[in-house]
Amino acid sequence: MVHNLVTVIGLASLLFGVFVFFTAVLGLYRFDYVLNRMHAAAVGDALGIFCILIGLILLHGWSLSAAKTILIFLFLWLTSPVASHLIAEMEVCTISNIKKECEVEER
Amino acid sequence: MFILFFALWLLMAGTMTVSTCLWGAAVSGMLCWYCRRTLGYQWQWRRYTIRQLWSAVCYLWNLLLEMLKAGVVVMKLIYTRGRNMEPKLIWFDTTLQSNRSRAVLANSITLTAGTITVEAQNGRFCVHALDASLAENIESCQFQKQLKELEA
Amino acid sequence: MEQIRNALLTGSAFILAALMLVALLRAILGPRFTDRIIAVNVINTMVVAELVILSVRLREDFLVDVALVYALLSFLTVVVVSRVMITWRRRKAEKGHGKGEGLRGA
């Protein structure tokens, strides 16, 4: 009974993660500018991988590969902000007129 | 740092025999030496109090909750708004002093979906927000207060 | 229960593969080069998820190791490309006396 419950929760989490990835790819098409598209990608990076990997750990049960899975998503969480920061910096560096795309505010 | 490498090695190897432990100790010692000499990492132990550790745990938990919330908000925006967003680029100053907590703040801002740190130099951050509603109180957010507490 | 689990795992693997193709289309279409890099980044994340799903579905533990190495490599790719691009652009901007210098001029 407990085993079945864990499997159901794992499957639900997995399906939600797949849905998050679907939303991220949809966002890649629905947004019209690079910096906005990057936010959609960040949702997939942070939320989608978290849900999918949690679901898979619950499905697989506790073992060595589950520990490696935790290691994978810790690693992804450490690195995906760095990667998206670098992409954003590159975009702002290379575009000729940033004010056309979004308003700039100084505080 | 040596302990970190050694734990990673044991996790990768998956077995606990004498030979794996010896090889692991040798390899992680070499990696540690390489990191100190060539990459220039300084790994000194600061003494943490129990209270600081507890506030670090609170910070991580808060980060997780904020991430889930922001993810749901951005997903809703993708479905409802589509093309007519109001993206914004904000420059603001942090009050944090040490480099480490500034880096943690920049990473946390980027990890919560909807806001991305574009530049962070000398305590002046440039943050891109997907919508104006997400950017309203970014310089007085919860992360900064907690990091200040952690820094003290 | 076992059959439902296997069917759902296979189905989500197929959906992720289809999403990868769609994101690849974005990478081909993307008007700017940063669009392409973002699409490739999303594809990399999805490949990691897909590899872990396959390792659970096929009961092969080594695929998790493959996913770990893939995550490392994908991070490295993005960092190297953007680092090279930023330094190249800065050098060019210094030569051209601040022409095309996006953020500083704004």
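Here are some notes:
- Tally of residues being more than 8 Å from chain A (Cβ to nearest Cβ), open to solvent by 60 Å² or more (accessible area, probe 1.4 Å) and at pLDDT 70 or above across the range C:67-106: 14
- Out of B:THR115, B:THR95, one residue alone is modelled with pLDDT of 75 or more and among the polar types (S, T, N, Q). It is B:THR115.
- In the range B:100-123, the residues that are farther than 13 Å from A:ALA83 by Cβ reach residues that are acidic (Asp, Glu) with C-beta atoms within less than 7 angstrom, at least six apart or across chains, in these pairs: B:SER101/B:GLU151; B:THR112/B:GLU66; B:VAL118/A:GLU89; B:GLU119/A:GLU89; B:GLY123/B:ASP93.
- Test for C:ARG5: is it assigned to a helix (DSSP H, G or I) and closer than 16 Å to A:ALA24 by Cβ: no
- Condition check for B:ALA135: modelled with pLDDT under 70 and within 10 Å of another protein chain (Cβ to nearest Cβ): yes
- When the range A:13-34 is limited to residues that are open to solvent by 50 Å² or more (accessible area, probe 1.4 Å) and more than 7 Å from chain B (Cβ to nearest Cβ), the one that is nearest to C:LEU29 (Cα to Cα) turns out to be A:TYR29.
- Scoring A:SER63 on the criteria (1) closer than 21 Å to C:PHE62 by Cα; (2) within 9 Å of chain B (Cβ to nearest Cβ) leaves a single failure, condition (2).
- Residues (in a helix (DSSP H, G or I) and without any contact (Cβ under 8 Å) to a residue 12 or more places away in the chain) located in the range A:27-63: A:TYR29, A:ARG30, A:ASN36, A:ARG37, A:HIS60
- B:ALA152 meets all of the listed conditions (1) of a type outside the set (Phe, Trp, Tyr); (2) modelled with pLDDT under 70; (3) touching a helix residue (DSSP H, G or I) at 6+ places or on another chain (Cβ under 6 Å) but one, namely (3).
- Residue-level analysis places A:GLY55 among those that are more than 8 Å from chain B (Cβ to nearest Cβ) and among the small types (Gly, Ala, Ser).
- All told, C:ILE38 meets the bar of being within 7 Å of another protein chain (Cβ to nearest Cβ) and either open to solvent by 70 Å² or more (accessible area, probe 1.4 Å) or of a type outside the set (Gly, Ala, Ser) (or both).
The values are calculated or read from the model by the stated rules, or taken from the named source; none is laboratory data. Everything numeric in this text was worked out from a predicted model, so none of it was measured. So basically every Cβ, Gly included, is an ideal-geometry build from the backbone, and we count neighbours across all protein chains shown. We work out accessible area using only protein heavy atoms, side chains counted, and drop any ligands, DNA or RNA first. Shrake-Rupley method; radii C 1.70, N 1.55, O 1.52, S 1.80 Å.
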